[in-house]
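Novice: Structure below; questions to follow.
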Amino acid sequence: MEIGSFVAPLVGGMLLGGAAGALLVGGGRVAGISGILAGAIAGARERGWRVAFVAGLVIAGLVAALVAPGSAAASPRPLGLVVVAGLLVGVGTRLGGGCTSGHGVCGLGRLSTRSLAATLTFMGTGALAAVVASKLLGAAS
């Protein structure tokens, strides 16, 4: 393992945690992306900040893909597949009454046992789905 191979993920995690913390402290909101997106689409109250938040995520991803073409932001998978996969994750988290970012970042940061259980569940399920897709369907090759 290269010494610098952990720097980008570490910086990304710090930025994510900092942004989630800023939204929690500054706006009193948990950065649960699925809930924020659902509220923006459904026209929930305070829709403006939700739309701005989602737009910022999309723009940041596009900028990262342009600036660092070899990064994780520039997926080797077809864009349509990535979008469909992301939407399926979002629908699943909404059906389950939670959100990966809300539990995994904010909930764990608050030492919530409910969020720990949710995070372990979605990480295990995601790992299982990746193995199934890779081994049985050949989708992850």
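Novice: Positive end of the charge dipole of the chain (Lys, Arg +1 and Asp, Glu -1 on Cβ, about the Cα centre): tell me which of V7, L62, A40 has its Cα farthest that way.
Specialist: A40
Novice: For A127 and V25 in one chain, what is 0.36 nm times their gap in residues minus the Cα-Cα distance, to one decimal in nm? Working shown, then result.
Specialist: Working: separation 102, 0.36 × 102 = 36.72 nm, distance 3.20 nm.
Once the chain is fully extended between A127 and V25, it gains 33.5 nm.
Novice: Treating only the Cβ atoms of Lys and Arg (+1) and Asp and Glu (-1) as charged, compute the dipole magnitude of the chain about its Cα centre; round to the nearest 20 debye.
Specialist: Charge dipole of the chain: 380 debye, to the nearest 20.
Novice: Considering only protein heavy atoms, what per residue accessible area in square angstrom results for the chain with a 1.4 angstrom probe? Before the final figure, lay out the partial values.
Specialist: Values: 9560 Å² over 141 residues.
I get 68 Å² per residue for the chain.
Novice: Just V30, V11, V105 to compare: in a GNM of the chain, with alpha carbon springs under 10 Å, which one fluctuates most?
Specialist: Comparing V30, V11, V105 in the GNM, the peak value goes to V11.
Novice: Just to be sure I follow the definition: excluding the sites themselves, where is the longest run in the chain that has none of the trypsin sites (Lys or Arg not before Pro) in a DSSP loop with at most 15 other Cβ atoms within 10 Å? Don't skip to the answer; put the middle values down first.
Specialist: Working: sites that count: R45, R110.
My reading of the result: 46-109 is the longest stretch.
The values are calculated or read from the model by the stated rules, or taken from the named source; none is laboratory data. These numbers come from a predicted model, not from an experiment. Glycine gets a Cβ as well: all are built from the backbone with ideal geometry, and neighbour counts include every protein chain shown. Accessible surface areas use protein heavy atoms only, side chains included; no ligands, DNA or RNA. Shrake-Rupley method; radii C 1.70, N 1.55, O 1.52, S 1.80 Å.
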